[in-house]
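**Student:** Mind looking over this structure? Questions follow.
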Amino acid sequence: MTSQTPDAAASGTWKLGDLEVNRLGFGAMRLTQNGPAFAPGAPPSDRGRAIGVLRRAVELGVNHIDTAAFYFSPLRSANELINSALAPYPDDLVITTKVGPGRALSGEFLPHATPGQLRGQVEENLRQLGRDHLDVVNLRIVGTDSIAERFGALAELREAGLIRHLGLSNVRPHHLAEALAIAPVVCVQNMYGPGAGAEHEAAFLRTCGEQGIAYVPFYSIAGTGREAGTGGAEPEEVLAVARAHGVGAAEIRLAWTLHQGPHVLAIPGTGNPDHLTANVAAGSLRLSAGDLALLGSVGRTG
């Protein structure tokens, strides 16, 4: 690895509608507390350090930040940290947020918002971020039921000027088709990574690319560890490629993510400035065909 300062621009660019972003972005979920995200009783993050990480991310070329109003701990709100660290916002900064899930102040997740409740969630994000409109709003769902009413409610807010572009999170292909019949979709956020993406998900990733829609894996570093992080031992395939490149397993997972297609974006999250630098540097890693074949075998049997 070179000691040169990394630049997120090395990852290439993609457009979310008319908004161009570097493909290596930043996820704000882990900014609010130390330890696994949403873990009850986890100590709050250091406010100054979290703000420093956000500012450093922008200095390193990150211009796509993923957040949500439900990313909070008892003393910290991801949206408020973003506002405090970065407002007035750089002209090229794109902030993507999510609506659908709700959380009580005590931290418990609530039933997902009804179509009529989504406007309140959008307005909550606007207030916290100090914006008069939201760049991209993803409708995050659970289950396989129709999303037409909920996505339609967001499409109305887009027509009203509160939202610029719409996306989807945690969805299946039929949800995308349903949404596209209502309004344009610029991105799909689903869980995907080495050993954490079944073949049907790889096919969905390709479908998004064919339609010019960004595919944005979440937990691309954590994989099946989800909110708790990686934990446990990394598969030997990942470690072997990491050794060959002289980097950590997290960087290899991010590089693999970006190699899945020019429309694939990465949004790794961290509250650690050293991890941030390593994550951004992963955007310039180039994996060989052999590397990709080895990583593609993670979790496969037979």
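**Student:** State yes or no: is residue 110 within 25 Å of residue 170 (Cβ to Cβ) and surrounded by fewer than 20 Cβ atoms within 10 Å (Cβ to Cβ)? Walk me through how you get there before you give the answer.
**Tutor:** Values: within 25 Å of residue 170 (Cβ to Cβ): yes; surrounded by fewer than 20 Cβ atoms within 10 Å (Cβ to Cβ): yes.
Yes: the conditions hold for residue 110.
**Student:** Which condition from (1) of a type outside the set (A, V, I, L, M, F, W, C); (2) under 16 Å from the mean Cα position of the chain (by Cα); (3) under 26 Å from residue 252 (Cβ atoms); (4) surrounded by fewer than 22 Cβ atoms within 10 Å (Cβ to Cβ) is the one that residue 59 breaks?
**Tutor:** Exception for residue 59: condition (2).
**Student:** Now, a different point. Would you call residue 184 crowded, with 16+ Cβ neighbours inside 10 Å and either modelled with pLDDT under 95 or in a loop (DSSP other than H, G, I, E, B) (or both)? Steps first, please.
**Tutor:** Details: crowded, with 16+ Cβ neighbours inside 10 Å: no; either modelled with pLDDT under 95 or in a loop (DSSP other than H, G, I, E, B) (or both): yes.
No; evaluated as a whole, the condition is false for this residue.
**Student:** Could you list, in sequence order, all residues of the range 273-293 that are surrounded by 18 or more Cβ atoms within 10 Å (Cβ to Cβ) and polar (S, T, N, Q)?
**Tutor:** 279, 284, listed by residue number.
**Student:** Please pick out the residue among 69, 113 that is among the hydrophobic types (A, V, I, L, M, F, W, C), in contact with a helix residue (DSSP H, G or I) (Cβ under 7 Å, 6 or more places away or on another chain), in contact (Cβ under 8 Å) with a residue 40 or more places away in the chain and in a loop (DSSP other than H, G, I, E, B). Reasoning before the result, please.
**Tutor:** Numbers: 113 fails: in contact (Cβ under 8 Å) with a residue 40 or more places away in the chain.
Answer to the selection: 69.
**Student:** Pick out, from the range 229-300, the helices (runs of 4 or more DSSP H) lying fully within it that include 3 or more residues that are charged (D, E, K, R).
**Tutor:** Working: elements: 236-245, 249-258, 273-281, 289-296.
Correct list: 236-245.
**Student:** Pull up the range 36-59, narrow it to residues that are over 27 Å from residue 89 (Cβ atoms) and aliphatic (A, V, I, L, M), then point me to the one that is modelled with the lowest pLDDT.
**Tutor:** Narrowing the range 36-59 to residues over 27 Å from residue 89 (Cβ atoms): 36, 39-43.
Checking the rest, the ones that are also aliphatic (A, V, I, L, M) come to 39, 42.
On the way: 39: 83, 42: 86.
Checking each candidate, the answer is 39.
**Student:** Got at least one residue in the range 40-49 being without any contact (Cβ under 8 Å) to a residue 40 or more places away in the chain and assigned to a strand (DSSP E or B)?
**Tutor:** Yes, there is a match, as at least one residue in the range 40-49 is without any contact (Cβ under 8 Å) to a residue 40 or more places away in the chain and assigned to a strand (DSSP E or B).
**Student:** Is it the case that some residue within the range 27-35 is more than 26 Å from residue 126 (Cβ to Cβ), at pLDDT below 95, in a loop (DSSP other than H, G, I, E, B) and out of contact with any Ser or Thr (no Cβ under 8 Å at 6 or more places or on another chain)? Break it down stepwise before answering.
**Tutor:** Narrowing the range 27-35 to residues more than 26 Å from residue 126 (Cβ to Cβ): 34-35.
From what's left, at pLDDT below 95: 34-35.
Remaining after also requiring in a loop (DSSP other than H, G, I, E, B): 34-35.
Next cut, out of contact with any Ser or Thr (no Cβ under 8 Å at 6 or more places or on another chain) only: 35.
Within the range 27-35, one or more residues are more than 26 Å from residue 126 (Cβ to Cβ), at pLDDT below 95, in a loop (DSSP other than H, G, I, E, B) and out of contact with any Ser or Thr (no Cβ under 8 Å at 6 or more places or on another chain).
The values are calculated or read from the model by the stated rules, or taken from the named source; none is laboratory data. Because the structure is a prediction, the values reported are computed rather than measured. Quick reminder, even Gly has a Cβ in these numbers, built from the backbone with ideal geometry, and neighbours come from all protein chains shown.
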